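Notes follow once the structure below has been shown.
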Ligand SMILES: [Fe+2]
């Protein structure tokens, strides 16, 4: 029986989470943990985290535990296919027996993918996009030491890699497979205190997007979706303080918990079109994933709200809004306003045209594809169309609470690029999603016939 034609996501899958350590000083246990796992020579996979001293400190920690260390410190933001292959090659050439990722999502995703490449004798990384592609769960061990409050990558079974070499390039793809999952996830709020303030804000909005998309999405996995709502509440409570006073341990620990439980939520409850849009924009303009989510989230909430008003009403309450006496649609509107206020408080720009594509990258984030890109994001119709088609193919799109058309995706991205961040009094995307002429409101012939 093909139940997929009767209702959505009839069978829910729970993805196993790795063992984890969370708390002040947790990262100091990484070296002894590696030794206890039998590792003798590990490859650190990192962007370098220059200026923090974290990589050197971790290296000493491992060496004191009797584990040798080789360092690959050229991970770029929005990790590229060559980052994965370069780290795999270094792993193989140095005959390492384990990986250690140190940093945010880019470092973790590079190492998670490299260990799967290692388990397939160096096969090209771009062959591992999609769901369940790994042919073996037996990969080298990986310890992920997280230093940001947004990724969740230290604990999820997903990777996101930018393909810059195949005929599909530029293409930011998602891989979903238990084989990607780290062996041990370490979250230490003290390490997160070293982040620049804007990165706390950006990664915090990634957490908000994770929690929200898991909560409102179509999967509704009951052991995970409540965690999504809780993470939204925690971001609302702690993100401003963590952004502007990163030495406030309570606030940073709150954000670490928020990012950790939001990742557990979307590991099995999956994501939605905020992430699909973010992946498409990142493929064309190598900007920060969390920044994308900050710009896009109010637009996606506006688009989705009619399809999941009650769940968005819950989001509004989690964002601290008084929703008593309001119907779900009215309450959901207050949630959108609360997210816009949080974005503005945390310095998220109004739209993509105000973002310098060279801004908010890691130090190494200057992949060759992007060197000749425009210095301002001003997508023309052709590029909007290409990004919309990228969104339609994304693994995250089916989990969205509202169906998407390429026309709607294009309109949401256009709004993200050019319009001010305000809650629209009517659903600004309603006309275009049915293929109506925005000037006359009439259905176009092509859409009406299909
Ligand atoms: Fe994300």
Quiz item: To the nearest 0.05, how large is the calculated FRET efficiency for residue 7 and residue 50 if R₀ is 35 Å and r is the Cβ-Cβ distance?
Solution: 0.10
Practice problem: Calculate the all-directions average of the projected area of region 226-312's alpha-carbon convex hull, and give it in nm². | Solution: 6.4 nm²
Quiz item: What do you get for Rg/Rh of region 197-433 when both radii come from the Cα atoms and Rh is the Kirkwood radius?
Solution: 0.95
Exercise. Principal axes first, then extents: for the Cα atoms of region 34-76, list largest minus smallest coordinate on each axis, whole Å, largest first.
Key: 29, 17, 12
Quiz prompt | region 39-176 - Rg (one decimal) and Dmax (whole number), Cα, Å | solution = 14.0, 46
Exercise. Relative to the longest principal axis of the C-alpha atoms of the chain, give the angle of the C-alpha long axis of helix 249-269, reported between 0 and 90° and rounded to the nearest 10°.
Key: 70 degrees
Self-check item: Calculated [θ] (222 nm, deg cm²/dmol) that DSSP helices of n ≥ 4 give over the chain, each run adding -39,500 (n - 2.57)
Solution: -14000 deg cm²/dmol
Practice problem: Within 10 Å, count the other beta carbons around each residue, average over each peptide in 277-289, 215-227, 193-205, and list them highest first. | Solution: 277-289, 193-205, 215-227
Quiz item: Helix 81-93 versus the longest principal axis of the chain: what is the Cα-based angle in degrees, 0 to 90, to the nearest 10?
Solution: 10 degrees
Quiz item: Ranked highest first by the average count of other Cβ atoms within 10 Å around their residues, in what order do 409-422, 152-165, 375-388 fall?
Solution: 152-165, 409-422, 375-388
Quiz prompt | Stokes-Einstein D in µm²/s, Kirkwood radius over Cα pairs - the chain at 25 °C with 0.890 mPa s viscosity | solution = 112 µm²/s
Practice problem: Starting from the alpha-carbon convex hull of region 1-114, give the projected area averaged over all orientations, in nm². | Solution: 10.1 nm²
Quiz item: Where does helix 406-418 land angle-wise versus the long Cα axis of the chain, in degrees 0 to 90, nearest 10?
Solution: 80 degrees
Self-check item: Residues residue 405 and residue 131, FRET efficiency given R0 of 25 Å [Cβ-Cβ distance, rounded to 0.05]
Solution: 0.65
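Readers should treat all values here as calculations from the given coordinates under stated rules, not as data from a laboratory. Everything numeric here is computed off the predicted structure, so don't read it as measured data. Positions of Cβ are generated from backbone atoms using ideal geometry, with glycine treated the same way; all protein chains shown enter the neighbour counts.
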